[in-house]
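Heads up: the structure comes next, in structure tokens.
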Amino acid sequence: MFSIGGVRHLDNADPSDDSWSNGASIGPAADGRIKPDLCTFYDAVRTSDRTGLDGYDVGDSFATFGGTSAATPIVAGQNALAIQMFTDGLF
């Protein structure tokens, strides 16, 4: 089991201004562990959306999806790729 965390990237490519910003717990846990195990972007994640008035936004995508609801599926995909690369002998 992995704990997933999120980093606020402030919707830009500059890593020097990224922060935890009290958006997720980093520990230490009661047993002294520092968490999360894995993390990725936490804010302004673009995701698919239903077209038109049926969706959250009038466009075909939703640009303000965030929180651990956004970070967890991103990390799950990254973890699956890492497992596949390992089993294929790439590292």
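Brief remarks follow.
- For residue 9, neighbours were defined as the other residues whose beta-carbon sits under 13 Å from its Cβ, and their charges (Lys and Arg +1, Asp and Glu -1) total -3.
- Among the protein heavy atoms, those of residue 81 account for about 110 Å² of accessible surface (1.4 Å probe, every chain in place).
- Residue 84/residue 30 FRET efficiency (R0 41 Å; Cβ-Cβ; nearest 0.05): 0.75
The values are calculated or read from the model by the stated rules, or taken from the named source; none is laboratory data. Note that this is a predicted model, so its numbers are computed, not measured. Using ideal geometry, Cβ is built from the backbone for each residue, glycine included, and neighbour counts are taken over all protein chains shown. Side chains are part of the model used for accessible areas, which takes the heavy atoms of the whole protein and leaves out ligands, DNA and RNA. Shrake-Rupley method; radii C 1.70, N 1.55, O 1.52, S 1.80 Å.
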